[in-house]
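Colleague: Please read through the structure below; I'll follow up with questions.
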Protein chains: 2
Amino acid sequence: MTNITKRVQSLRAKMEKYNIVAYIIPSSDPHQSEYVAERWLSRTWISNFTGSAGTALVAMDHAGLWTDTRYFLQAETELAHTPFELHKMENQFSESYTQWLCKNLKAGDTVGIDGYNFSINQVESIEKALQKKGILLKANVDFISQVWEDDRPALPKDPIFIHESDYLDLSIQDKIAQLKENTTANYTLLSALDDIAWALNLRGSDVDFNPVFIAYLLVGDETTLYIDQSKLSTEVKGYLKKANVTTKEYSDIIKTLGKLGNETSLSVDPSICSYSLAQHIVGPIVRETSQARLLKAVKTDKEVRHIRQAMVKDAVALTHAFIWLEENVATTQITEYDFAMKLAQQRSEQKAYYGESFPAIIGYRGNGAIIHYRPHPETAATLSPSGVLLADSGGQYQDGTTDITRTIAMGDDVSDEAKYAFTLVLKGMIALDSAKFPEGTLGGQLDILARQHLWSAGLNYGHGTGHGVGYFLNVHEPPQGFTAGPSTRSNSVMKVGMITSNEPGYYKADAYGIRIENLIVTLKDKADGFLKHESVTLFPIDRKMMQLDLLTQDERDWLDTYHARVFAEVSPYLDSKQKDWLEKQCAAL
Amino acid sequence: MTNITKRVQSLRAKMEKYNIVAYIIPSSDPHQSEYVAERWLSRTWISNFTGSAGTALVAMDHAGLWTDTRYFLQAETELAHTPFELHKMENQFSESYTQWLCKNLKAGDTVGIDGYNFSINQVESIEKALQKKGILLKANVDFISQVWEDDRPALPKDPIFIHESDYLDLSIQDKIAQLKENTTANYTLLSALDDIAWALNLRGSDVDFNPVFIAYLLVGDETTLYIDQSKLSTEVKGYLKKANVTTKEYSDIIKTLGKLGNETSLSVDPSICSYSLAQHIVGPIVRETSQARLLKAVKTDKEVRHIRQAMVKDAVALTHAFIWLEENVATTQITEYDFAMKLAQQRSEQKAYYGESFPAIIGYRGNGAIIHYRPHPETAATLSPSGVLLADSGGQYQDGTTDITRTIAMGDDVSDEAKYAFTLVLKGMIALDSAKFPEGTLGGQLDILARQHLWSAGLNYGHGTGHGVGYFLNVHEPPQGFTAGPSTRSNSVMKVGMITSNEPGYYKADAYGIRIENLIVTLKDKADGFLKHESVTLFPIDRKMMQLDLLTQDERDWLDTYHARVFAEVSPYLDSKQKDWLEKQCAAL
């Protein structure tokens, strides 16, 4: 019997004891994080599926894992030889796990969840869906702690550190003042880790790739940080004290909420705050979008200037790495993993580097079609001067977070079909980059600009077109994004100062993956007050992949202008050999 | 003192007596109709504003009218010399009347509404918004009946009639079977008038331009129509009896709901069913989108074939009218109103004509910029062979409802600026017509295709790009539409068989209005399973308004193909002089 089978068995034993017929294990944590600390990887522990999005459901005679198109191939591999069956969320009409429950359970049955790993909104919507069938929800059932005991990792103890003042615009006091101005409530409860890191200008390493730390923050007459005190150095303690921020133990948040009293109102984002934490609030709750999330999404002018500098450094690192690849691929054994390491190493030589912003996706040939592929040292494919390579990587710098994808022809044998798809993706990427739109436009309205040329050819891609990006923070930063379908992200208004990825793609299973990704900043056109984009990512797009006759004059002009800017901004930091290489890549079409 | 002032005074007297500090009067009726019978024109009666969308609010020291960009000019005129102040809803961020209430009322104050004129969803959302401020909502307050007594019109008594079988595809029995199949509830309550007309293949004339009749329909083990019995001819009675539909008096619906019992579940669309009617339901309510609305939106193949025939007739009528205008405008006094009448008269000569589908908008020069302008005999502008004319009109035929807008150059003096804007509008209209998109795409995703070229030039229009259209039914038919921003319409999925308008525009106040509108049908591309559009409206687009050098080859090809089809399909029904005229209009560019 495999480990996974044993784990499911012991969970089912608990379920039977407490008369719970189905138990839901999401991929989240008490802070609604996308990437979570190891202790909270319950969904992976129970199911073996390691993707960042997906929900496991264990019923008495069924174990299922729900995930979206990005993870189908990965999930099929990882769920093989486990009791878990893959439920494919093809689109918004696919059967969700709540729909599955309504179909397979009967009235009076009870479903269990650990309400700390679900937001208030999630619990309410699950409850409402199940009610239709007369199914009950018990939201305070933490079975995972009972069945995952011996080998469960502790919460991380790594120290937190101060975001260097050279790269900061607003002080803690500025940010706390903004938070107070933007709510009518007496206190604001922040529980999203990146909201807290932003508000306090502090960073940590509790979660891989996201420089955040596990904590709660209560902002009001007093501002208090709830955190494992052992993580606070003398320097950080002094820094917080100077900003009038007191500190308490992480778990004390529950006591504090109980003590605030009936009269004290609390601003809470019901899409972030965990259901179980909210149960401890006694005063009136003002339900509103996290002001920290909205404020943080709009980068200040100074932050945008820093980000532009980080992009130059990133381009220098990429130039080094791509030249190295080009020069050595024919003669040396270089795997996808080696190239990922090379990119990270080149970035690490840049000033104010902190680490990778996510695990690099280096997908050669068919591996490129696995949207969230991650090469591992033992299994990574070896590159050769042939076929198509997709490289999606990013860095955390104190002056900005980067995220760039380039798809290159490794040799002269790339098929016309792949070049055709690449050119359609490129046309879409240029269309979104070139868009002008009035204030108030939602990200979801713009998404189609990137897809229209693929759609005309009957092609598409199974992921969003773009996500918000943090400032030395999470590479996936809500609220905004370019996505299809009704969602909080697609319904978010685009605002001046936002940094968002623009990354259409096309994937042919077992053959190749294509994606072109720049980060773009939203700017205001002074002439007419409309909003527009500008790419802040600076790196050439491979002309060997383009079918030039499919490009309009406007699109060719866009490419020439972009490449001229890339060369002008990056070449001063290169030696003459590298400069020659970049000049060739950036020459007018 | 004006009438309006007196009416507001008597309403305030009632409000004072019952301790209601603000009273909301929407432009709706108990069936959530867009256009309502005269008896229910309370919002117009109290405020003098006649637009089809807008809400009046009377507080003790403020009277306000909230409406959107389409009606600003009209509302300013109509509200002059009344106590009403115009609240402009520029976009989704403008202060709504509930936000105004939260700002200006205090905790403990009570707001009143007549819950028959608000849907369940509307009442719940108003209640929720007011609760934040501790303001109470009383939803059963019908003050209008008390203050509008003597001169209030009765409900219409016009007979209803049978939609001719030649133009029908599905029988009553077919439709009732579909309704039953699509719900788990014991009964379905239909209260939208067009849903009822569709289900029973009956039409009426209780509402101007919409061939509907006032009724409720309860579908289940028995199917019962609640209607003023005097409206039923012997023929209609026999028709209903044959289809096993019983009839009861209109107001008996309340008694029936009370009698259905605790065990009988009822399918109710909370966005349509009035709050007050729902108060009479005793059994479990299954809240779901009206299945009649969803079924009716998807036209059958046979219906689409009929619609294509109706479009040919409509084009013949328009050809007659536009030739008449061209030949006579220089020598005869022709007003906007005269041209509207001419269009209606030409349509009335076509087979199976029933009436206009909405009051024609014939807007000459600056009048064209008033989006919902309607010429009146006394005030209509006189046309001359100069400037720009916008003509938006439509007909009700037994075999289809039409809605077409053309904008033409009346002379050779049209400014380059107007031609430039026209060409951008045209490019957008062609882009939306030419779109391909996968199943599951929402109307709100496609909207930008029609706006993108205007936006690039810093221009826009203040209305949706398109609305669903009924089959010998309402010219504005939910659910689908091409609109920006999060709404039920923009979140509706486009489906094969839907008929939707494609009508981008551009308006320059006091100068000209431009709009180009075709109805399009959604089809499936058999080659790749993607969806696409085809214009079913057939009438030339004025080349004198185009700046040809701004059109791409694809756009020119689209125009040539469209015009060739218009000529091929319409010319067989024209005499040789008319044929020559159309041939010239439809010649390749």
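Colleague: Would you pick out the residues in the stretch B:135-154 that are part of a loop (DSSP other than H, G, I, E, B) and exposed (fewer than 13 other Cβ atoms within 10 Å of the Cβ)?
Modeller: B:149, B:150, B:151, B:153, B:154
Colleague: Determine if the stretch A:77-98 includes at least one residue that is within 14 Å of chain B (Cβ to nearest Cβ), among the aliphatic types (A, V, I, L, M) and in contact with a strand residue (DSSP E or B) (Cβ under 8 Å, 6 or more places away or on another chain). Give the derivation first.
Modeller: Going through the stretch A:77-98, the residues within 14 Å of chain B (Cβ to nearest Cβ) turn out to be A:89-94.
Retained after the next criterion (residues that are among the aliphatic types (A, V, I, L, M)): A:89.
If we keep only those that are in contact with a strand residue (DSSP E or B) (Cβ under 8 Å, 6 or more places away or on another chain) too, we end up with A:89.
Scanning the stretch A:77-98, I find at least one residue that is within 14 Å of chain B (Cβ to nearest Cβ), among the aliphatic types (A, V, I, L, M) and in contact with a strand residue (DSSP E or B) (Cβ under 8 Å, 6 or more places away or on another chain), so the answer is yes.
Colleague: Name every residue in the stretch A:519-540 that is in contact with a helix residue (DSSP H, G or I) (Cβ under 7 Å, 6 or more places away or on another chain) and of a type outside the set (Phe, Trp, Tyr), in order of residue number.
Modeller: Quick first cut of the stretch A:519-540, residues in contact with a helix residue (DSSP H, G or I) (Cβ under 7 Å, 6 or more places away or on another chain) only: A:520-521, A:530, A:533, A:535-540.
Answer for the stretch A:519-540, where residues must be in contact with a helix residue (DSSP H, G or I) (Cβ under 7 Å, 6 or more places away or on another chain) and of a type outside the set (Phe, Trp, Tyr): A:520, A:521, A:533, A:535, A:536, A:537, A:538, A:540.
Colleague: Can you name the number of the only condition in (1) open to solvent by 10 Å² or more (accessible area, probe 1.4 Å); (2) touching a strand residue (DSSP E or B) at 6+ places or on another chain (Cβ under 7 Å); (3) away from chain B (no Cβ under 12 Å); (4) in a loop (DSSP other than H, G, I, E, B) that residue A:467 fails?
Modeller: For residue A:467, the failing item is (4).
Colleague: Which residue out of A:454, A:446, A:426 is crowded, with 24+ Cβ neighbours inside 10 Å, part of a helix (DSSP H, G or I), of a type in the set (A, V, I, L, M) and in contact with a strand residue (DSSP E or B) (Cβ under 8 Å, 6 or more places away or on another chain)?
Modeller: Working: A:454 fails: crowded, with 24+ Cβ neighbours inside 10 Å; A:426 fails: in contact with a strand residue (DSSP E or B) (Cβ under 8 Å, 6 or more places away or on another chain).
The conditions single out A:446.
Colleague: Which of the residues belonging to the stretch A:558-577 are open to solvent by 20 Å² or more (accessible area, probe 1.4 Å), away from chain B (no Cβ under 14 Å) and assigned to a helix (DSSP H, G or I)?
Modeller: Listed by number, the residues that qualify are A:560, A:561, A:564, A:565, A:567, A:568, A:569, A:572, A:573, A:576, A:577.
Colleague: Being of a type outside the set (Val, Ile, Thr) and assigned to a loop (DSSP other than H, G, I, E, B) is the filter here, so list the residues in the stretch A:20-39 that pass it.
Modeller: Taking the stretch A:20-39 and keeping what is of a type outside the set (Val, Ile, Thr), we get A:22-23, A:26-35, A:37-39.
Once the filter is applied, which keeps residues that are of a type outside the set (Val, Ile, Thr) and assigned to a loop (DSSP other than H, G, I, E, B), the stretch A:20-39 yields A:26, A:27, A:28, A:29, A:30, A:31, A:32, A:33, A:34, A:35, A:37.
Per-residue answers, yes or no, for (1) in contact (Cβ under 8 Å) with a residue 12 or more places away in the chain; (2) among the hydrophobic types (A, V, I, L, M, F, W, C):
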{"site": "B:287", "(1), (2)": "yes, no"}
{"site": "B:290", "(1), (2)": "yes, no"}
{"site": "B:294", "(1), (2)": "yes, yes"}
{"site": "B:303", "(1), (2)": "yes, no"}
{"site": "B:311", "(1), (2)": "yes, yes"}
{"site": "B:322", "(1), (2)": "yes, yes"}
{"site": "B:325", "(1), (2)": "yes, yes"}
{"site": "B:331", "(1), (2)": "no, no"}
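Colleague: All but one of (1) in contact with a strand residue (DSSP E or B) (Cβ under 8 Å, 6 or more places away or on another chain); (2) assigned to a loop (DSSP other than H, G, I, E, B) hold for residue B:157, so report the exception by its number.
Modeller: The single condition residue B:157 does not satisfy is (1).
Colleague: Return yes or no: is residue B:55 surrounded by 17 or more Cβ atoms within 10 Å (Cβ to Cβ) and modelled with pLDDT of 95 or more?
Modeller: yes
Colleague: Residue B:44 is checked against (1) β-branched (Val, Ile, Thr); (2) surrounded by fewer than 23 Cβ atoms within 10 Å (Cβ to Cβ); (3) modelled with pLDDT under 95 and fails just one. What number does that condition carry?
Modeller: Checking residue B:44 against (1) β-branched (Val, Ile, Thr); (2) surrounded by fewer than 23 Cβ atoms within 10 Å (Cβ to Cβ); (3) modelled with pLDDT under 95, the one that fails is (3).
Colleague: If you don't mind, another one. State whether one or more residues within the stretch A:408-415 are assigned to a helix (DSSP H, G or I) and more than 19 Å from residue B:460 (Cα to Cα).
Modeller: Within the stretch A:408-415, none of the residues are assigned to a helix (DSSP H, G or I) and more than 19 Å from residue B:460 (Cα to Cα).
Colleague: Please find, among A:69, A:98, A:77, the residue that is buried (at least 21 other Cβ atoms within 10 Å of the Cβ) and not aromatic (Phe, Trp, Tyr).
Modeller: Just one listed residue meets the conditions, A:98.
Colleague: Still on this structure, I have one more. Taking the stretch A:485-526 on its own, how many of its residues are part of a strand (DSSP E or B) and under 30 Å from residue A:546 (Cβ atoms)?
Modeller: So the count comes out to 20.
Colleague: Tell me the residue from A:109, A:142, A:114 that is within 25 Å of the chain's Cα centre (by Cα), charged (D, E, K, R) and within 18 Å of residue A:59 (Cα to Cα), please.
Modeller: A:114
Colleague: Got a number for residues in the stretch A:301-343 being farther than 20 Å from residue A:580 by Cα and β-branched (Val, Ile, Thr)?
Modeller: Residues that pass the stated criteria total 6.
Colleague: Considering the stretch B:310-368 alone, what residues qualify as being among the aliphatic types (A, V, I, L, M), over 13 Å from residue B:391 (Cβ atoms), touching a Phe, Trp or Tyr at 6+ places or on another chain (Cβ under 7 Å) and part of a helix (DSSP H, G or I)?
Modeller: B:310, B:312, B:315, B:316, B:323
Colleague: Just name the residue that is farthest from residue A:167 (Cα to Cα) out of those in the stretch A:293-309 that are open to solvent by 10 Å² or more (accessible area, probe 1.4 Å) and β-branched (Val, Ile, Thr).
Modeller: Restricting to residues being open to solvent by 10 Å² or more (accessible area, probe 1.4 Å) and β-branched (Val, Ile, Thr), the top hit is A:298.
Colleague: Tell me, yes or no, whether the stretch B:264-280 has at least one residue that is surrounded by 19 or more Cβ atoms within 10 Å (Cβ to Cβ), among the acidic types (Asp, Glu) and over 20 Å from residue B:154 (Cβ atoms).
Modeller: Scanning the stretch B:264-280, I find at least one residue that is surrounded by 19 or more Cβ atoms within 10 Å (Cβ to Cβ), among the acidic types (Asp, Glu) and over 20 Å from residue B:154 (Cβ atoms), so the answer is yes.
So that you can scan it fast, the table gives a plain yes or no per residue for (1) within 8 Å of chain B (Cβ to nearest Cβ); (2) basic (Lys, Arg):
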| position | (1), (2) |
| --- | --- |
| A:426 | no, no |
| A:429 | no, no |
| A:436 | yes, yes |
| A:440 | yes, no |
| A:443 | no, no |
| A:449 | yes, no |
| A:472 | no, no |
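Colleague: Got a sec? Which of A:272, A:307, A:254 is of a type outside the set (D, E, K, R) and assigned to a loop (DSSP other than H, G, I, E, B)?
Modeller: Values: A:307 fails: assigned to a loop (DSSP other than H, G, I, E, B); A:254 fails: assigned to a loop (DSSP other than H, G, I, E, B).
Selected residue: A:272, the only one of A:272, A:307, A:254 that is of a type outside the set (D, E, K, R) and assigned to a loop (DSSP other than H, G, I, E, B).
Colleague: If you don't mind, another one. Given the criteria under 19 Å from the mean Cα position of the chain (by Cα) and at pLDDT 95 or above, does residue A:447 qualify?
Modeller: So residue A:447 fits the description; yes.
Colleague: Here's something else I'd like to know. Taking into account only those residues within the stretch A:506-519 that are touching a Leu at 6+ places or on another chain (Cβ under 8 Å), crowded, with 20+ Cβ neighbours inside 10 Å and more than 14 Å from chain B (Cβ to nearest Cβ), which is nearest to residue A:583 (Cα to Cα)?
Modeller: Among those residues, the one meeting the criterion is A:516.
Colleague: Moving to a separate point now. Count, please, the residues in the stretch A:399-422 that happen to be over 15 Å from residue A:386 (Cβ atoms) and either buried (at least 20 other Cβ atoms within 10 Å of the Cβ) or of a type in the set (Phe, Trp, Tyr) (or both).
Modeller: Looking only at that region, the number is 11.
Colleague: Please verify whether residue A:549 is farther than 16 Å from residue A:447 by Cα, acidic (Asp, Glu) and either surrounded by 15 or more Cβ atoms within 10 Å (Cβ to Cβ) or more than 14 Å from chain B (Cβ to nearest Cβ) (or both), treating the condition exactly as stated.
Modeller: Taking the combined requirement at face value, the residue does not satisfy it.
The values are calculated or read from the model by the stated rules, or taken from the named source; none is laboratory data. Bear in mind the structure is a predicted one, so any value in this text is a computation, not a measurement. All Cβ positions, even for glycine, are placed from backbone atoms using ideal geometry, and neighbour counts span all protein chains on display. Note: accessible area is taken over every heavy atom of the protein model, side chains too, but ligands, DNA and RNA are not part of it. Shrake-Rupley method; radii C 1.70, N 1.55, O 1.52, S 1.80 Å.
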